[in-house]
Structure formats: structure tokens, C-alpha cells
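Everything on this sheet refers to the single structure shown next.
The values are calculated or read from the model by the stated rules, or taken from the named source; none is laboratory data. None of these values were measured; they are calculated from a predicted model. Note that each Cβ is placed from the backbone with ideal geometry, even for glycine, and that neighbours are counted across all protein chains shown.
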Amino acid sequence: MHTKLNTLEDWLHHCEQLHPRGIDMGLDRVREVAQRMALRFDCPVITVAGTNGKGSTCAMLEAVALQSGYRTGVFTSPHLVHFEERCRVHGESVSASDLIAHFAIVESARCQNGPEVSLSYFEFTTLAILSLLSQAALDVAILEVGLGGRLDATNIIDADCAIITSIDIDHTEFLGPDRESIGREKAGIMRTGRPVVVSDPMAPHSVVDHAREIGAELWRFGHDFNFSGDKQQWNWAGRGRRYAGLAYPALRGANQLVNASGVLAAFEALRHRIPVTAQAVRNGLALVELPGRFQIVPGQPTLVLDVAHNPHSVAALTANLDAMGFFPTTHAVFGAMADKDLAPMLAKVGPLIDRWYFTDLPTPRADTAAALLQKWQALPEAAGGRSPVPCSVHASPMQALEAAVLAADPADRIVVFGSFYTVGGVLINGTPRLQAKHLGA
């Protein structure tokens, strides 16, 4: 059986075929296989759940820990271009060859020592990455939780500290229709007697209530930790520690201070196990990198990449774009999943966009470019009080970007957003450096 599965692509294809449903909430199957694998971590584990800000939070945790001299392991999902991005050890993506052995371990456990267990793609790949991380001699493991919390495959691991970032309406078919029900699902990553950092400034009651019900050690933004700042620098204060005169995180956008505050609270909560120095905090936040999170690529025109794909993250993107200053024309390359609540997303960012380039995406879950165009045109705000905005449809994010570059002046900006697939589609050959033809030249 395994002789046919020689490459990572072979294994990923195998994982896609196994289970009848792409997303199947519940931990029984994945826990059974993990027990057969004897999966366990010998280092502190931090899990990060939430609707937005998870990837940024994981990247900042990793950067500060690395600067403190710790060997870090990080699991995040989804990836932008290559599957291997989902697993980093000591700051580097693991190689495909490193992963293959762990896919074989999962397959063996799934099929032996009892009845064969069906796993979804996410469950199988998560177990393979957890297997690799558990054997990587780590000082700290950082696990990004998938779309939920309580029933997410990562929740088979009892975390030493949980972080819950901002919570917004997304994946309602799985998590419930409002912030309270979604918060209840995310709260499932908490553990009795262990710290949980809630960095959402307006946390749903369900999150705070659950922490109290199970006796988790609650660290709450605005109560147990907070930040203040001016244009030059910012300060953080927690229960027993303060940081003053911090440089702004290298990840751009006002929302990143909320994420960074949660990171510092987590390190404060775990200081007896993984102490970090003030210098490591300063250096880590100054050096942190994460592609596709309000990533500004210098060039002519300027390129902005953002995986914003729900109303809350698009609102943050809109505020960040607004703060960038004046550009004669803003071009938007946009592709999105069909299940997204598009009307508030498009209405929010619409007034800033002068030309739309809607794109197909390489997944059956995505809306077609033509359908996105129809939804934009159906919006009452579509004209935004201005003359109608030019729109076009394209077969791929790269083709949409090429069309935008052709139409753009060097002083313009191009924003690529709406999904990991949209941003990943323009990063496929590396980060593009744009060079528009000077008009009139």
C-alpha cells in the first residue's frame, strides 16, 4: 500500500480520497488514531483559536520565543502556496521528505490495532504534523486551531495555555449563527486550571462564562492586560509586568497591537515554564514576518496582499488601506468562497476601490468571477455615490493581477484579497515586484 505513496503529493491526494466529508466535526476518530500513535508532547503547548488574528498571533509567539533562544514548533493552516508552510520547526518550514514518514505513521495507526478509522483531509494532515512536532525536541509548540475549537482536531492536545483572538461571524454552518455561539465553540480549547488569554476586546459572554465554569485561569484584554500607545511607540501592562517604549510590530495594521498584547499575556502566564526577556520581546515583534497579512510590497504600483475573507477582517483591511495615504487609483483583485457573507465585505471596502478584477479560484468551494461580479453589481452601494466602477472577470488571480498592472499607473496601488487562494495565487512564483509601464512613455 505505502509503496505507491512516495511523495508528499501522493499522500495529500490519498488524504483527499479517504473521508466522505471535507469537514466532519467531532474528535472521536482523530483521538482514537492519536492514541494508537501514542501521540504526546513533552514541552509546553500553546493553542490559538479565533476568527481573525490567529496566524499573526502564532507568528509573534514564534518570533519572541526564537529570540529567547527556544526551539519552536508551529502548526498553522491553511497554506498560501506550499503545504509545507503549515509546519515550521525553529523558524523554518519543514521539508516534504520530513513529513512523508509521519504520514506513514498516521496511515499505519489508522489501519492497524483495531478497526480502520476514516479521517478527513484536515484530521489526517493535522495528525501527521503533530507527529512530526512531537518528535522534534521542541522547547515550545504553537498550534493554530482550525475553524472551530471544541471539536477541532488540534483539541486532542491539552494545551498549557490557550489564546482566543478576535471572534466574528464566519463558518456559521458549523459554528452557529452569532458571536455567542461561535465563542462557545472556540472556548472549547480551554482547560481547567490552565491560563486562557482572551485578546478580543469585546469578548462574547460565552467565552468568559465558560472560563469561569471550568475554572480556567482567565487573562482578559482590558481587565488583566492592556496596551496604550502614540504614533511612535506602544506600552503593554499585565498582571505583574510592564513593557514600555515598544516599537510597533513588523506586521502592519492597527489590529496587530491587540494580537501582540495577547502574545505578551501568554508569555506572562507561562513565565515559570518559558521565560522570555524584554529584549527578546522587542526583537521578536520587530522582526516577525507573515506573508499575506496586510503585506505591503514596494513597487510601482504598490501591491497590498491580505487574506481578509470575512466582514471583520475586511473592515480591518479597509481601515488599514485608508491609513496608507493617497493613491490616484486603487485596483482590487478579489476572489472568495461561495459561503462568505459578501455584501458587507464589498460594501465596506467598496468606497476605496476604483477598479475591480474578479477572479475564479482553483477550488469547488469558490464563487466564480462572474458570480462575484453579479453580487457586486446587485449591491445598492455598488456605485458608492460615484460613477459606476469598471469591473472585469479573470480565470486566475495571476491573470487578474496582470490585468491590473496593465491598467495601473506607477503611483497607483493594487490590493489582492478575499481568500488564502487569492493571495496564494499571486505568490505562486514568489513575491511579485511590480513595474507598471509609465503612461505616456
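Within the bounds of the range 390-398, is there any residue that is in a helix (DSSP H, G or I) and either in contact (Cβ under 8 Å) with a residue 40 or more places away in the chain or within 15 Å of P301 (Cα to Cα) (or both)?
yes
Considering every residue within the range 384-392, establish whether at least one is among the basic types (K, R), surrounded by fewer than 17 Cβ atoms within 10 Å (Cβ to Cβ), at pLDDT below 90 and not assigned by TED's automatic domain parsing to the domain that holds V349.
Narrowing the range 384-392 to residues among the basic types (K, R): 386.
From what's left, surrounded by fewer than 17 Cβ atoms within 10 Å (Cβ to Cβ): 386.
Now drop any that are not at pLDDT below 90, which leaves 386.
Cutting the leftovers down to not assigned by TED's automatic domain parsing to the domain that holds V349 gives us none.
Within the range 384-392 (the criterion being among the basic types (K, R), surrounded by fewer than 17 Cβ atoms within 10 Å (Cβ to Cβ), at pLDDT below 90 and not assigned by TED's automatic domain parsing to the domain that holds V349), the answer is no, since none of the residues qualifies.
Can you pull out every residue in the range 327-342 that is of a type outside the set (K, R) and under 21 Å from T363 (Cα atoms)?
Result: A332, V333, F334, G335, A336, M337, A338, D339, D341, L342.
Being assigned by TED's automatic domain parsing to the domain that holds P410, in a helix (DSSP H, G or I), within 24 Å of the chain's Cα centre (by Cα) and of a type in the set (D, E, K, R) narrows it down to one of K348, K340, so name that one.
Values: K340 fails: in a helix (DSSP H, G or I).
After applying the criteria, what remains is K348.
Out of curiosity, is V94 under 20 Å from F41 (Cα atoms), in contact with a Leu (Cβ under 7 Å, 6 or more places away or on another chain) and of a type in the set (A, V, I, L, M)?
Yes: the conditions hold for V94.
I need a count of the residues in the range 186-215 that are in contact with a Ser or Thr (Cβ under 6 Å, 6 or more places away or on another chain) and in contact (Cβ under 8 Å) with a residue 24 or more places away in the chain.
Total meeting the criteria: 4.
Give the residue that is nearest to F358 (Cα to Cα), with candidates limited to residues of the range 400-427 that are of a type outside the set (A, V, I, L, M, F, W, C) and not in a helix (DSSP H, G or I).
Checked the range 400-427; the qualifying residue nearest to F358 (Cα to Cα) is G418.
Quick one: in the range 18-38, which of the residues that are assigned to a loop (DSSP other than H, G, I, E, B) and within 25 Å of the chain's Cα centre (by Cα) is modelled with the highest pLDDT?
The residue in question is L27.
Give D306, D224 a once-over and let me know the one that is touching a Leu at 6+ places or on another chain (Cβ under 9 Å), farther than 27 Å from L317 by Cα and not hydrophobic (A, V, I, L, M, F, W, C).
Result of the check over D306, D224: D224.
When the residues of the range 291-303 are narrowed to those that are surrounded by 21 or more Cβ atoms within 10 Å (Cβ to Cβ) and under 24 Å from P78 (Cβ atoms), which ends up modelled with the highest pLDDT?
Quick first cut of the range 291-303, residues surrounded by 21 or more Cβ atoms within 10 Å (Cβ to Cβ) only: 293-294, 301, 303.
Filter once more, so that each one left must be under 24 Å from P78 (Cβ atoms): 293-294, 303.
On the way: R293: 87, F294: 91, L303: 96.
It comes out as L303.
Taking the range 326-363, which residues are in contact with a strand residue (DSSP E or B) (Cβ under 6 Å, 6 or more places away or on another chain) and of a type in the set (G, A, S)?
A332, G335
Please state which of the following conditions Q279 fails to meet, knowing it meets all the rest: (1) surrounded by 19 or more Cβ atoms within 10 Å (Cβ to Cβ); (2) not in a loop (DSSP other than H, G, I, E, B).
(1)
Go through the range 175-189 residue by residue and tally those that are over 21 Å from D339 (Cα atoms) and either basic (K, R) or at pLDDT below 80 (or both).
Matching residues across the range 175-189 total 1.
Please indicate, with yes or no, whether at least one residue in the range 247-270 is touching a Lys or Arg at 6+ places or on another chain (Cβ under 8 Å), surrounded by fewer than 17 Cβ atoms within 10 Å (Cβ to Cβ), at pLDDT 95 or above and not in a helix (DSSP H, G or I).
Taking every residue of the range 247-270 in turn, none turns out to be touching a Lys or Arg at 6+ places or on another chain (Cβ under 8 Å), surrounded by fewer than 17 Cβ atoms within 10 Å (Cβ to Cβ), at pLDDT 95 or above and not in a helix (DSSP H, G or I).
Quickly run through the range 58-75 and pick out the residues that are under 15 Å from the mean Cα position of the chain (by Cα) and either among the aromatic types (F, W, Y) or at pLDDT below 95 (or both).
F75
Please tell me if A203 is in a loop (DSSP other than H, G, I, E, B), of a type in the set (A, V, I, L, M, F, W, C) and not assigned by TED's automatic domain parsing to the domain that holds G188.
no
Looking at the structure I just gave you, is K54 basic (K, R), modelled with pLDDT under 95 and within 22 Å of the chain's Cα centre (by Cα)?
Against the criterion (basic (K, R), modelled with pLDDT under 95 and within 22 Å of the chain's Cα centre (by Cα)), K54 qualifies.
With respect to L317, determine if the residue is outside any loop (DSSP other than H, G, I, E, B), in contact (Cβ under 8 Å) with a residue 12 or more places away in the chain and crowded, with 23+ Cβ neighbours inside 10 Å.
Criteria met by L317.
Which of the residues belonging to the range 69-88 are among the aliphatic types (A, V, I, L, M) and either in contact with a Pro (Cβ under 9 Å, 6 or more places away or on another chain) or surrounded by fewer than 19 Cβ atoms within 10 Å (Cβ to Cβ) (or both)?
Selection gives L80, V81.
So is L66 aliphatic (A, V, I, L, M), in contact with a Pro (Cβ under 8 Å, 6 or more places away or on another chain) and over 19 Å from H312 (Cβ atoms) or not?
Working: aliphatic (A, V, I, L, M): yes; in contact with a Pro (Cβ under 8 Å, 6 or more places away or on another chain): no; over 19 Å from H312 (Cβ atoms): yes.
Considered against the rule, which asks whether it is aliphatic (A, V, I, L, M), in contact with a Pro (Cβ under 8 Å, 6 or more places away or on another chain) and over 19 Å from H312 (Cβ atoms), L66 comes out as no.
Would you check if there is a residue in the range 92-104 being under 30 Å from R365 (Cα atoms), under 19 Å from the mean Cα position of the chain (by Cα) and hydrophobic (A, V, I, L, M, F, W, C)?
Checking the range 92-104: at least one residue is under 30 Å from R365 (Cα atoms), under 19 Å from the mean Cα position of the chain (by Cα) and hydrophobic (A, V, I, L, M, F, W, C).
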